Amino acid sequence: MITLYQFTISQFCEKARWAIDHKGLIYQTENLLPGTHRKTALKVSPSTQLPILRHGLQHIQGSGKIIDYLDEQYQTRLLTPEDPKQRQNALELEHRLDKDIGLHLRRFFYAHMLQDSRQLRRLITHYGPWYSNNFYRLMLPMIKRNLVKEMKLNALEAERSRLIINNMLQQLDKKLENREYLIGDTFTRVDLTAAALLSPICQPDNHPYHCEFLSLPKELADFQNKLRDRPFFHWVQGIYQKHRWEVKPSDRYNP
Ligand SMILES: N[C@@H](CCC(=O)N[C@@H](CS)C(=O)NCC(=O)O)C(=O)O
């Protein structure tokens, strides 16, 4: 049995989870909470970052490594292009998306979410264990301090991140002119990565942990509203609609 250790609302966890769903595998999830996740992660992996996939005695940490592993183990519905040139382009673009969208969107998003403690608590405890809400009522001030330190959440860094995100989004819009997919003409790990990492701001309906309760703070809502009509925004919705649940739960198998 495969187990995915995850934060439900993390975009990197969504990237790994989507890859497992894409392969049509049955798996279980262990939903961890920021802060207390460290102990669990360090028992099985060198660092505290999630996602971590457990398969038998193996533990694979990091969304990209998880996709590599799944493609090595299960060679149907490959996410990595087989053509060497396309493969190289895909891995390079994925790496840039991880950084310029994954890390910077997360920083920009949380720098603003910090202003609304109630929403922040609801977000990070979404589908968490039963005790999460009460636990976080007590722990939130400390968790906020840790988030600020770990993600460098401050106005200056948030603004720097916004510029980096905008630059990448312009490049995505350009790449998507007259194309359905970012590399080649089939769905690959790059499309999955871009859509999963942009999900916090595009909020596609069929995200498995869609936060319909979330109302964004003004700066984030303004940022989102300005992006709504952009080609990449529509593309993320379309990719989620077409590819997020391609293999139905009833057609999955237990590896
Ligand atoms: N490059 C990693 C990034 C993973 C990452 O940044 N995970 C965050 C959540 S989005 C995390 O676990 N943060 C808590 C920690 O580092 O202890 C990947 O692709 O999986």
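The values are calculated or read from the model by the stated rules, or taken from the named source; none is laboratory data. Remember, it's a predicted structure, so these values are computed and weren't measured experimentally. Heads up, the Cβs are rebuilt from the backbone with ideal geometry, glycines too, and the neighbour counts pull from every protein chain shown. Just the protein is used for accessible areas: all its heavy atoms, side chains included, with ligands, DNA and RNA removed. Shrake-Rupley method; radii C 1.70, N 1.55, O 1.52, S 1.80 Å.
Of HIS37, HIS95, HIS104, all but one fail to be on the phi < 0 side of the Ramachandran plot, within 15 Å of the ligand (Cβ to nearest atom) and touching a helix residue (DSSP H, G or I) at 6+ places or on another chain (Cβ under 7 Å); the exception is HIS104.
Test SER215 against the stated conditions and say whether it is of a type outside the set (A, V, I, L, M) and buried (at least 16 other Cβ atoms within 10 Å of the Cβ). Please lay out each step first, then the result.
Values: of a type outside the set (A, V, I, L, M): yes; buried (at least 16 other Cβ atoms within 10 Å of the Cβ): no.
Taking the combined requirement at face value, the residue does not satisfy it.
Return yes or no: is THR76 within 11 Å of the ligand (Cβ to nearest atom), at negative phi and out of contact with any Ser or Thr (no Cβ under 8 Å at 6 or more places or on another chain)? When the stated conditions are applied, THR76 does not pass them. Just one of the listed residues (THR48, THR29) is near the ligand (Cβ under 9 Å from one of its atoms), of a type outside the set (D, E, K, R), surrounded by fewer than 18 Cβ atoms within 10 Å (Cβ to Cβ) and not assigned by TED's automatic domain parsing to the domain that holds LEU216, and it is THR48. None of ILE164, ILE143, ILE183 is outside the structural domain of ASN31 (by TED's automatic domain parsing), within 19 Å of the chain's Cα centre (by Cα) and either β-branched (Val, Ile, Thr) or open to solvent by 70 Å² or more (accessible area, probe 1.4 Å) (or both) except ILE164.
Select, from ARG230, ARG252, the only residue that is outside the structural domain of LYS174 (by TED's automatic domain parsing) and open to solvent by less than 80 Å² (accessible area, probe 1.4 Å).
Values: ARG230 fails: outside the structural domain of LYS174 (by TED's automatic domain parsing).
Of the residues listed, the single one that is outside the structural domain of LYS174 (by TED's automatic domain parsing) and open to solvent by less than 80 Å² (accessible area, probe 1.4 Å) is ARG252.
Counting only residues that are in contact with an Asp or Glu (Cβ under 7 Å, 6 or more places away or on another chain) and of a type in the set (Gly, Ala, Ser), segment 226-255 holds 0 of them. Selection of helices (runs of 4 or more DSSP H) fully inside segment 166-255 by the criterion of at least 2 residues being within 26 Å of LEU25 (Cβ to Cβ) and polar (S, T, N, Q) returns 189-202, 231-243. The set of residues from segment 107-157 being of a type in the set (Ser, Thr, Tyr), away from the ligand (no atom under 16 Å from the Cβ) and assigned to a loop (DSSP other than H, G, I, E, B) comprises just one member, TYR131. Looking only at segment 83-105, decide whether some residue is within 30 Å of MET1 (Cα to Cα) and over 18 Å from the mean Cα position of the chain (by Cα). Looking for residues that are within 30 Å of MET1 (Cα to Cα) and over 18 Å from the mean Cα position of the chain (by Cα), one finds at least one in segment 83-105, hence yes. Under the condition of being under 22 Å from CYS202 (Cβ atoms) and in a loop (DSSP other than H, G, I, E, B), which residue from segment 9-26 is least open to solvent (accessible area, probe 1.4 Å)? Across segment 9-26, the extreme among qualifying residues is SER10.
Got a sec? Which of GLN28, GLN6, GLN73 is within 19 Å of the chain's Cα centre (by Cα), within 16 Å of PRO255 (Cβ to Cβ) and in contact (Cβ under 8 Å) with a residue 24 or more places away in the chain? Write out each step before concluding.
Values: GLN6 fails: within 16 Å of PRO255 (Cβ to Cβ); GLN73 fails: within 19 Å of the chain's Cα centre (by Cα).
The conditions single out GLN28.
Of all residues being charged (D, E, K, R) and surrounded by fewer than 17 Cβ atoms within 10 Å (Cβ to Cβ) in segment 80-115, which is farthest from ASP185 (Cα to Cα)? Just the residue, please. Spell out the reasoning first.
In the first step, residues of segment 80-115 are kept if they are charged (D, E, K, R); the result is 82-83, 85, 87, 92, 94, 96, 98-100, 106-107.
Subset that is surrounded by fewer than 17 Cβ atoms within 10 Å (Cβ to Cβ): 82-83, 85, 87, 92, 96, 99.
On the way: GLU82: 13, ASP83: 12, LYS85: 14, ARG87: 13, GLU92: 17, ARG96: 20, LYS99: 24 Å.
Here the answer is LYS99.
Could you look through segment 1-20, keep only residues that are of a type in the set (Phe, Trp, Tyr) and within 9 Å of the ligand (Cβ to nearest atom), and pick out the one that is modelled with the highest pLDDT? Per the stated criteria, the residue is PHE12.
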